[in-house]
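The block underneath contains the structure these notes are about, expressed in C-alpha cells.
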Amino acid sequence: MTASATSPAADARSRELIRPVPATWWLKRGVYVRFMLREWTCVPVAAYAYFLLELMSKAKDRPALDAFCAALKHPGWIALHVLCLVAVCYHAATFFTAAGKVLVVRRGEDRVPPAAIAGAHYAAWLVASVVIAVLVWIA
Amino acid sequence: MAGDEATLEVFRYRPDDGGAPVFDTYRVPYRADWVVLDALNYVKDHLDGTLSYRWSCRMGVCGSCGMMVNGEPRLTCAAFLKEWHPKPIRVEPLAGFPVVRDLVINMEGFLHKMKKAKTWLLPKEPRTIEQGEYRQTPAELATYKQFSMCINCMLCYAACPVFALEPEFLGPAAIALAQRYNMDSRDQGEQARADALWSHEGIWECTFVGDCSHVCPKHVDPASAIQQAKMSHTTDLMKSFLMPWGKR
C-alpha cells in the first residue's frame, strides 16, 4: 500500500457513499420524462422515414402503389400516422424552444427574448405548412 | 397539532458506523417565515447535534447550502417550509455527488473541473496597475453577464442526469463559466480551454435535458451556455473546413 493510499484524505474518500443511479431515474422528475419523450420521438420518425422509402419504391409501379395506398386505410396504418404526427409535432416544439436558447439575437445591449425566437420559428412553420397544403391542393 | 410542527425526513450517513444510509425523522416548530435551513439548524441546536451539513451566508449568495429538498435541488436558505407544509419534507445530499457524511457531499471533483475548464480571466495583454483597468463597453459586458452570475452552488450538477450517469462530464457550471470567459472581450483563453470544452467529456456530452437551467437560483441558464458553445464550436469547425486559409 502506498503512502498516499493511507493518508487521511484517501481514507476519507474510501468511506464516501456512492449512490447508484436506478434505471428508472428518468421517472423522477417531469423534466426528465419530457426529455425521454423527446428522445423517443426518433423511433416513430424513423418508422415514417421507412414508410416514405417504401412509398417511393412503388412510385413507378401503379398497381403496387394502388394496393399499398388501399392498405393504408387499415386502422393500424392510421394509428401509425397519427403517432408519427404527434411525435414530430412534439419534437418540433422542443426544437423551437431550444432554438430560443441557442440563437442569441441582440438588439443593442438587449437580447431578443427566447420566446420571440421560438415564436418566429412557429410562424415560419405555419407559413411552410400552408404553402405545402396549397401546393398539394393544386396538384 | 400538525399546523404547529413541520416534519423533516433527513438523510443520515455515518461512515464510522459502516452501515447503510437511513432517514431520521425530526419534528420541528413550523413557522411560515422559516426556510429548510432554519429547520436543519433547529435540529442541530436542539434535537441532534451530530447532524452534518454545509451552510454559510443564509442569503442565497455563498452557494453552500444546496441540498435535495423533496427530490429537487434547492438552496435550503431559499426553500421555505410553507412550500411543502404540512407534508413531510425530505432532505438529502445533492444528487450525483459522493456523500462524505449526512448531507455533506465531496466537491473536489467539481473544483477540479473548474480548474480544468480554466474558469478565470486569461487576459489578452498583461497590464500593470499603472496602466489601469481592462475596459469594456456595456454591450460587451451584456454578452456574458448572465453567465457570470454563477455562485458555484452545484444545484445544476445535482439536476443533471448526464453528470449522475457520467461523472467525468465537465458539467453545466464549469462549461457556462468557461463560455462566460470565452465571450469576454478582455479574454484570450479560448484555445487554452479548448481541450476541456470541446472534448467528449465537455460540451458534446450534454444531451440538453435542460433541468440545470430550471433549478439555477441565479438564472444563469447553463443549458443555453452549453448550446451556444456547441454552436460556436461547430461554426468554427465549418469555417476552418470551408475556408482553411481564413483566420479564426
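Laboratory data are not the source of any read-out in this text; all were calculated from the coordinates shown. The model shown is predicted, which means the values in this text are computed figures rather than measured ones. Counting neighbours? That spans all protein chains shown, and the Cβs are built from the backbone with ideal geometry, glycine included.
Tabulated data for the structure shown
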| quantity | calculated |
| --- | --- |
| Space enclosed by the convex hull of the alpha-carbon atoms of region B:1-50, per residue, Å³ | 74 Å³ |
| Distance between modelled label sites at A:ASP66 and A:SER14, nm, 7 Å Cα→Cβ extension | 8.1 nm |
| Label zone at A:LEU55 (point 7 Å along Cα-to-Cβ), backbone N below 17 Å, region A:115-139 | A:129-139 |
| Three-way shape label, chain A, alpha-carbon gyration tensor, a/c 1.5 | oblate |
| Cα gyration tensor, region B:2-84 - rounded (a/c under 1.5), prolate or oblate | oblate |
| Cysteines having no other Cys beta carbon under 4.7 Å from their own, within chain B | B:CYS65, B:CYS77, B:CYS150, B:CYS153, B:CYS160, B:CYS206, B:CYS216 |
| 23 Å Cα-Cα reach of A:LYS73 towards lysines, excluding residues that sit fewer than 8 places from it in its own chain | A:LYS58, A:LYS60 |
| Rounded D (µm²/s) - chain B, Kirkwood Rh over Cα pairs, Stokes-Einstein at 10 °C, 1.306 mPa s | 79 µm²/s |
| Pairwise centroid distance, computed over Cα atoms, of region B:66-145 with region A:85-139, Å | 33 Å |
| Cα-based Rg of region B:1-145 normalised by 2.2 N^0.38 Å, two decimals | 1.40 |
| Helix-only mean residue ellipticity at 222 nm for chain B, each DSSP H run of n ≥ 4 adding -39500 (n - 2.57), per residue, nearest 500 | -9000 deg cm²/dmol |
| Global geometry of region B:44-98, whether rounded, prolate or oblate, following the gyration tensor of its Cα atoms and the 1.5 cut on a/c | rounded |
| Magnitude of the charge dipole, chain A, Cβ model with Lys/Arg +1 and Asp/Glu -1, debye to 20 | 240 debye |
| At most 12 other Cβ within 10 Å, DSSP loop - chymotrypsin sites (Phe, Trp or Tyr not before Pro), region B:205-248 | B:TRP245 |
| Qualifying trypsin sites (Lys or Arg not before Pro) for region B:71-122 [loop in DSSP, other Cβ within 10 Å: at most 10] | none |
| Inter-part distance where region B:1-57 and region A:42-83 are each reduced to a Cα centre, Å | 60 Å |
| Over the protein assembly as shown, volume per residue of the alpha carbon convex hull, in Å³ | 267 Å³ |
| Flagged links, alpha-carbon separation over 21 Å, of A:LYS28/B:LYS113; A:LYS101/B:LYS145; A:LYS28/B:LYS145; A:LYS101/B:LYS218; B:LYS87/B:LYS218; B:LYS145/B:LYS218 | A:LYS28/B:LYS113; A:LYS28/B:LYS145; B:LYS87/B:LYS218 |
